[in-house]
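K.L.:
Let me give you the structure first, and then I'll get to my questions.
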Amino acid sequence: MSGPSLRAAWSDDGWWPSARRIESPNEGPRPAGAAVELVVLHSISLPPGEYGGDQIERLFTNRLDWDAHPYFRQIRGVEVSAHFVIRRDGELLQFVSTDRRAWHAGRSRWQGRDDCNSWSVGIELEGLEGQHFERAQYDALVPLLRAVRARHPIRHVVGHEHVAPGRKIDPGPGFDWVGLQRRLRWTAQRFPPVG
Ligand SMILES: [Zn+2]
């Protein structure tokens, strides 16, 4: 699809039709006039390193059983969300309209601008920082990023580790930034420096 037809494929209120929609209550309005210029990529798995369950969608909809695993006690009561989650098999879930503010980046800053949640789209890849991600996940991520950029004036795609250095390390060195850039054919300036 070209840019205009990608733009038209979105629902008027910011939902991407090829994603499975699971609405999260952990969201709010964006500040007036906040142009959505950033995508923040994350990795998440619950418990860490275990894939395929429904715990991520439970966490993002405040339905996680905090006593079901020792790790969950460490995060008991957190209220978080992301706009999108890409499962290991490439399945795409959407929890928050891209017109709304999701709660994924926390205390964060990119190029002098604070509070990335207010002006970014958050995408979680099911995975563990430092580990690799599946081909099917990149196959879902590439068209999703094209679609997001067709709707919002995205200038940069970065990792949580880049907007919260010293505090967050996801998606980590297992994420293929170079491969992503090649597939999207966007300029290197849109991505974090890869060294
Ligand atoms: Zn993160």
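The values are calculated or read from the model by the stated rules, or taken from the named source; none is laboratory data. It should be emphasised that the depicted structure is a prediction, and the values quoted were computed from it without experimental measurement. Counting neighbours? That spans all protein chains shown, and the Cβs are built from the backbone with ideal geometry, glycine included.
K.L.:
When you scan the range 75-129 for strands (runs of 3 or more DSSP E) that lie fully inside it, which ones turn up with 1 or more residues that are more than 16 Å from the ligand (Cβ to nearest atom)? Explain how you work it out, then say what you get.
P.N.:
Working: elements: 84-86, 92-94, 100-102, 120-126.
Output list reads 92-94, 100-102.
K.L.:
Taking Pro17, is it free of Cβ contacts under 8 Å to residues at least 12 places away in the same chain and surrounded by fewer than 18 Cβ atoms within 10 Å (Cβ to Cβ)?
P.N.:
Working: free of Cβ contacts under 8 Å to residues at least 12 places away in the same chain: yes; surrounded by fewer than 18 Cβ atoms within 10 Å (Cβ to Cβ): yes.
When the stated conditions are applied, Pro17 passes them.
K.L.:
Inspect all residues belonging to the range 168-179 and state whether any of them is of a type in the set (A, V, I, L, M), assigned to a helix (DSSP H, G or I) and at pLDDT 95 or above.
P.N.:
For the range 168-179, residues of a type in the set (A, V, I, L, M), assigned to a helix (DSSP H, G or I) and at pLDDT 95 or above: present.
K.L.:
Only one of (1) without any contact (Cβ under 8 Å) to a residue 60 or more places away in the chain; (2) in contact with a strand residue (DSSP E or B) (Cβ under 6 Å, 6 or more places away or on another chain) fails for Tyr71. Which number is that?
P.N.:
With respect to (1) without any contact (Cβ under 8 Å) to a residue 60 or more places away in the chain; (2) in contact with a strand residue (DSSP E or B) (Cβ under 6 Å, 6 or more places away or on another chain), Tyr71 is out only on (2).
K.L.:
Checking the structure you have, find out if any residue of the range 141-162 is within 13 Å of the ligand (Cβ to nearest atom) and acidic (Asp, Glu). Give the derivation first.
P.N.:
Of the range 141-162, the ones within 13 Å of the ligand (Cβ to nearest atom) are 158-162.
Next, from what is left, pick out any that are acidic (Asp, Glu): 161.
The answer is yes, given that some residue of the range 141-162 is within 13 Å of the ligand (Cβ to nearest atom) and acidic (Asp, Glu).
K.L.:
So, Pro193, is that one part of a loop (DSSP other than H, G, I, E, B) and either within 12 Å of the ligand (Cβ to nearest atom) or within 20 Å of Trp10 (Cβ to Cβ) (or both) or not?
P.N.:
It is false that Pro193 is part of a loop (DSSP other than H, G, I, E, B) and either within 12 Å of the ligand (Cβ to nearest atom) or within 20 Å of Trp10 (Cβ to Cβ) (or both).
K.L.:
Right, here's the next one. Would you say Arg101 is out of contact with any Ser or Thr (no Cβ under 8 Å at 6 or more places or on another chain), of a type in the set (Lys, Arg) and at pLDDT 95 or above?
P.N.:
Against the criterion (out of contact with any Ser or Thr (no Cβ under 8 Å at 6 or more places or on another chain), of a type in the set (Lys, Arg) and at pLDDT 95 or above), Arg101 does not qualify.
K.L.:
Those residues that are surrounded by fewer than 18 Cβ atoms within 10 Å (Cβ to Cβ) and among the aliphatic types (A, V, I, L, M), I need them from the range 127-155; list them, please.
P.N.:
Ala136, Val142
K.L.:
Follow-up question, since we're still on this one. Phe95 fails exactly one of the following numbered conditions: (1) buried (at least 21 other Cβ atoms within 10 Å of the Cβ); (2) of a type outside the set (D, E, K, R); (3) modelled with pLDDT under 95. What is the number of that condition?
P.N.:
Unmet for Phe95, out of (1) buried (at least 21 other Cβ atoms within 10 Å of the Cβ); (2) of a type outside the set (D, E, K, R); (3) modelled with pLDDT under 95: (3).
K.L.:
Among the residues of the range 33-56, write down those that are within 16 Å of the ligand (Cβ to nearest atom) and over 25 Å from Pro173 (Cβ atoms).
P.N.:
Across the range 33-56, there are no qualifying residues.
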